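Remarks on the structure that follows.
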Amino acid sequence: MDEIDWDNLPKSTTPAGLNVRVIGFDNMEAATQLGQAVAEAVALFGSFIDLTTIDGITVGFDYDDALASVDQGMAGLPPLDRTNTDELTGVAKACRVVRDGVVKTHLVFGAEQLVPLIAGDALTPADREFSIGLIAHECGHVEVNAMNERFVPDARLGATIAEYDRAIMFPAAVVFWDEYAVCRLSAPFAKSQNTLHADSMAAVTPGARGRSDAHIRTHRLHQNHLRTLGETATELVTPLKTVSYLLGGMDADGAGWEDFAAVRRIIDAAGYGELVDDLHRALRRMWDTRDQWNEDDDILAPVVEIIRETLASGGVSLFKEPDGSWHAHFLFPG
């Protein structure tokens, strides 16, 4: 990663007068200080990340209320809510919104994650580093969202995908690309991201195939194809989603698997080695050619195919009947 010349920064792309709302604070002085700290950080990041399409920022102690307060600007969109899974509870979100017919990104943060910016000596440098990295990461989504809106029709806000198999796999492919690219963009300000993402990879990868197999065995009891497809796909694809974060950070830092040898052993032992390498090549190629993207090209097609291969490696396949209907097939584990 190149060293930053702090005396000669590029002009910031952050719009002048960017609105930063801080809600749910009893202490208005603290709210003002936090808003100013966030605004200053985002103004800095605008010298490294294209924030032309940022709409605004909302920070709230009640994160769910903060999300609900954002006007999406377009009818028919699902309500904004936090990520809430067994592995992850959301604390920040880059929300696509429409303003005067243009898709922009509004950032929402849980205030507890950003308080270290104004806590002085009450918290550690690591806490402040985490807060800065979190803001930088979400700013990265502003640039990537704008790229997707311009060049990836199926990823545009409100887009519908006709083919059933693509509708299943394409959203995951978008996430893989998004997180890879965002981790590359935000790397100068997220020094600990690779360690965090390596730990996440080590946690989710072992047993992923075994958990998917268990869902296939249970399928014989309930025969609900949609349920089993969702359960197996989630288990099989989660390691690739998680490694996308790590791959982006690794490429930003010029790191290799020799720097994460323990995680690589876990990946190989779980039967994901070749899939991860294929994904790495596809994502790196997308990054290297992003200045040549054309909306007529199916830019994410290689990533979609890797997802298809991942499902097939776990005994999950989708096929289309002559009448146009789709069916899922699950190979019973041996």
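Along each principal axis, taking the top coordinate minus the bottom one, the Cα set of the range 109-192 gives 55, 22, 19 Å in descending order. Using a probe of 1.4 angstrom, how much of the accessible area of the chain is carbon and sulfur, in percent? Of all accessible area on the chain, carbon and sulfur atoms account for 51 percent. In this simple spin-label model, placing a label point 7 Å from the Cα along the Cα-to-Cβ direction at both Ser325 and Ala119 gives a separation of 5.7 nm.
Ranked by solvent-accessible area (1.4 Å probe, protein heavy atoms only, all chains present), the residues Arg285, Arg265, Arg209, Arg308 order from largest to smallest as Arg265, Arg285, Arg308, Arg209. Summing charges over all other residues whose Cβ lies under 12 Å from the Cβ of Val20, with Lys and Arg as +1 and Asp and Glu as -1, gives -1.
Accessible surface calculations at 1.4 Å, restricted to protein heavy atoms, place the chain at 49 Å² per residue. For the residues Asp121, Asp71, Asp178, a GNM of the chain with alpha-carbon springs under 10 Å puts the largest fluctuation on Asp121. For the range 120-246, the relative contact order comes to 31 percent (Cα pairs under 8 Å, sequence separation of at least 6). Annotation: Ile57 carries an accessible surface of approximately 0 Å², with a 1.4 Å probe and no ligand, DNA or RNA atoms counted.
Protection proxy ranking for 289-297, 14-22, 267-275, 142-150, using the average of other Cβ atoms within 10 Å per residue and placing the highest first: 142-150, 267-275, 14-22, 289-297. A cut-off under 14 angstrom between Cβ atoms defines the neighbours of His219, and their net charge, with Lys, Arg +1 and Asp, Glu -1, is +1. Put a dot 7 Å past the Cα of Glu258, heading toward its Cβ, do the same for Glu29, and the two dots end up 5.5 nm apart. In the chain, Cα pairs under 8 Å separated by at least six residues give a relative contact order of 15 percent. A full extension of the chain between Glu274 and Asp296 corresponds to an added length of 5.0 nm, given 0.36 nm per residue minus the alpha carbon distance.
Report, for the chain, the % of DSSP beta bridges that are antiparallel, rounded to 5. So the antiparallel bridges amount to about 60 percent of the total. Computed log10 I(q)/I(0) for the chain at 0.07, 0.09 Å⁻¹: -0.31, -0.52, from the Debye equation with unit scatterers placed on every C-alpha and solvent omitted. A probe of 1.4 angstrom, applied to the heavy atoms of all protein chains, finds Phe61 with accessible area near 90 square angstrom. Rounded to the nearest 500, the helix-only mean residue ellipticity at 222 nm of the chain stands at -17000 deg cm²/dmol, with each DSSP H run of n ≥ 4 adding -39,500 (n - 2.57).
For Phe25, Phe332, the ranking by accessible surface with the largest value first comes to Phe332, Phe25, using a 1.4 Å probe. Ordered from largest to smallest accessible area (heavy atoms of protein chains, 1.4 Å probe), the residues Tyr245, Tyr164, Tyr63 come out as Tyr164, Tyr245, Tyr63. A simple spin-label model places the labels of Trp6 and Val102 3.3 nm from each other, with each point 7 Å out along Cα-to-Cβ.
Under a model in which nothing but the beta-carbon of Lys, Arg (+1) and Asp, Glu (-1) is charged, the chain shows a dipole of about 760 debye around its Cα centre. If the viscosity is 1.306 mPa s and the temperature 10 °C, what Stokes-Einstein diffusion coefficient in µm²/s follows for the range 1-77 when Rh is the Kirkwood radius over Cα pairs? Answer from the Stokes-Einstein relation: 111 µm²/s. Here's the picture: charge each Lys and Arg Cβ at +1 and each Asp and Glu Cβ at -1 in the chain, and of Leu283, Ile118, Gly271 the one pushed furthest to the positive end of that dipole is Gly271. For Ser69, the accessible surface of its heavy atoms amounts to roughly 50 Å² (probe 1.4 Å, protein chains only, rounded to the nearest 10). If you take all other residues with their beta carbon under 14 Å from the beta carbon of Thr228, and give Lys and Arg +1 and Asp and Glu -1, the sum is +1.
The values are calculated or read from the model by the stated rules, or taken from the named source; none is laboratory data. Everything quoted here is computed from the prediction, not taken from an experiment. Neighbour counts are summed over all protein chains in view; Cβ atoms, including those assigned to glycine, are modelled from backbone coordinates with ideal geometry. Keep in mind that these areas ignore ligands, DNA and RNA; they rest on the heavy atoms of the full protein, side chains included. Shrake-Rupley method; radii C 1.70, N 1.55, O 1.52, S 1.80 Å.
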